[in-house]
Amino acid sequence: MTEIGAQVNLFHPADRVWHALTDRTALARWFTEVEPVAGADQRLLLHTAGLPGFDAAVDAEVVDRRAPELLALRCQEAARRTRLTCAIAPTAEGCRLSVTETLEHGSWPDDQRARREEYYQQALTVQLPAILDWLAFQQIDLRRADVAMTAEMPVTEVYGEEPAPTDRRLRPVLVGALVGVVLVAAGVVAWAVLPGESDGSAGPDPLALPTAATATAEASRSTPSARPSRSATPGAERSSRTPTAKPTRTSASAPPSAPALAARYESVSTRLLGYTAEVVLDNSSDAAATGWTLVLTLPEGSTVTGAKKVEWRQDGQVVTFTGQPVPAGGSQTVEFDVRDAGIRKAPEACTVDGNPCAGL
């Protein structure tokens with residue numbers, strides 16, 4: 001049985017994620033256009049033709065629906081039949097969304113399956129969080145002066161303005177005005193990252209997110225000092241006898257050191273409450289680099305929510321990545337997603353095997 005899977009941890013409540021999965025307008029903004037099939041309440045047509053890994057539009061039938069935790073579809077795409085399952089599980093920070101597509105009839109060529117899985121991962125880790133951030137902003141009550149994390153934001157929409165308060169105390173009024181300005185500015189940023197309306201012909205283009213400019217300054221490297229030469233022992237007297245030749249001492253052969261990797265940091269995209277970035281590892285030596293370690297120091301409160309084709313763990317602000325060997329003369333890209341609520345959209349520090357990354 002062939003499966004495609006993608007998973008993401010989201011800093012949003014399950015009901016908001018469920019809305020993004022089942023609302024046609026929201027779904028079109030982060031995945032693809034959807035329209036109901038005439039005369040069939042439980043059937044939908046997904047305009048996936050032209051998306052990476054898809055051959056044609058998908059005729060989907062809802063076979064299981066349990067809000068806000070499970071949505072299952074039986075999908076027919078040309079001669080291929082699959083079952084697509086979206087499961088939402090609550091977490092301490094929000095919820096975890098797992099998407100699994102299981103092949104029931106037909107086949108996937110390896111390259112098509114890889115491209116399809118990559119598109120799912122891209123949609124879940126980049127495009128979906130941007131839409132959820134926008135939905136969260138729409139649901140904020142602008143009269144509230146104490147706004148908590150996204151997962152705890154109120155879900156009531158604002159339908160009108162309240163009458164101006166008659167209280168003449170200036171301090172609460174100034175605080176409320178300041179919060180309103182901050183939230184409106186955040187709304188402008190969120191709107192800037194949303195895609196335009198789709199023309200409805202085929203599947204819409206993936207969500208276009210602005211790419212932050214990468215810094216060009218490279219981290220300076222300290223030049224190793226020359227090893228001091230060993231001086232002769234003072235006061236040693238030369239013998240009158242002709243010294244016998246001594247065998248030349250050969251130093252024990254040290255094991256070859258691991259090839260040094262060069263790393264450069266690049267920003268891929270930013271959004272209201274996070275960003276996507278990558279670190280490119282370059283191996284200019286003639287031997288494969290194995291056992292490398294990439295370490296990032298994130299600003300306080302930032303969290304890595306996903307990374308592609310590497311192992312990673314986070315301890316406080318420090319995130320450690322490990323992965324497959326980097327081939328001789330080749331490179332490897334570590335792409336990751338970060339959830340934050342700050343202005344700085346980049347790590348505070350980046351090293352590979354202790355050497356600083358360029359681009360920060």
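The values are calculated or read from the model by the stated rules, or taken from the named source; none is laboratory data. Since we're looking at a predicted model, the values are computed, not measured. In this analysis, Cβ positions are derived from the backbone assuming ideal geometry, glycine residues included, and neighbour counts consider all displayed protein chains. Each accessible area value is taken on the protein alone, full model and side chains, heavy atoms only, with ligands, DNA and RNA left out. Shrake-Rupley method; radii C 1.70, N 1.55, O 1.52, S 1.80 Å.
Within 27 Å of N9 (Cβ to Cβ), basic (K, R), open to solvent by 40 Å² or more (accessible area, probe 1.4 Å) and touching a Pro at 6+ places or on another chain (Cβ under 7 Å): is that true of R65 in this structure? Considered against the rule, which asks whether it is within 27 Å of N9 (Cβ to Cβ), basic (K, R), open to solvent by 40 Å² or more (accessible area, probe 1.4 Å) and touching a Pro at 6+ places or on another chain (Cβ under 7 Å), R65 comes out as no.
The residue list A56, A87 contains one member that is open to solvent by less than 70 Å² (accessible area, probe 1.4 Å), within 29 Å of the chain's Cα centre (by Cα), under 22 Å from D15 (Cα atoms) and in contact (Cβ under 8 Å) with a residue 12 or more places away in the chain, which is A87. Each residue in region 90-105 was checked for being loosely packed, with under 14 Cβ neighbours inside 10 Å and part of a loop (DSSP other than H, G, I, E, B), and 2 pass. Being within 10 Å of V352 (Cβ to Cβ) and either assigned to a strand (DSSP E or B) or free of Cβ contacts under 8 Å to residues at least 40 places away in the same chain (or both) is the requirement here; does V295 meet it? When the stated conditions are applied, V295 passes them. Of everything listed in (1) at pLDDT below 90; (2) aliphatic (A, V, I, L, M); (3) under 27 Å from E335 (Cα atoms), the single unmet condition for A164 is (3). Of all residues in region 15-37, one or more are over 22 Å from the mean Cα position of the chain (by Cα), part of a helix (DSSP H, G or I), in contact (Cβ under 8 Å) with a residue 40 or more places away in the chain and buried (at least 16 other Cβ atoms within 10 Å of the Cβ). From the residues in region 337-353 that are assigned to a loop (DSSP other than H, G, I, E, B), open to solvent by less than 60 Å² (accessible area, probe 1.4 Å) and not hydrophobic (A, V, I, L, M, F, W, C), which one is modelled with the highest pLDDT? Step by step, filter region 337-353, then rank; the result is P347. Residues that are open to solvent by less than 40 Å² (accessible area, probe 1.4 Å) and of a type in the set (S, T, Y): does region 328-336 have at least one? No: region 328-336 contains no residue that is open to solvent by less than 40 Å² (accessible area, probe 1.4 Å) and of a type in the set (S, T, Y).
Only one of the numbered conditions (1) of a type outside the set (G, A, S); (2) within 13 Å of E3 (Cα to Cα); (3) open to solvent by 40 Å² or more (accessible area, probe 1.4 Å) is violated by W108, and that is (3).
Quick check, is L71 within 26 Å of D337 (Cα to Cα), in contact with an Asp or Glu (Cβ under 6 Å, 6 or more places away or on another chain) and in a strand (DSSP E or B)? Here the answer is no, as L71 does not meet what is asked.
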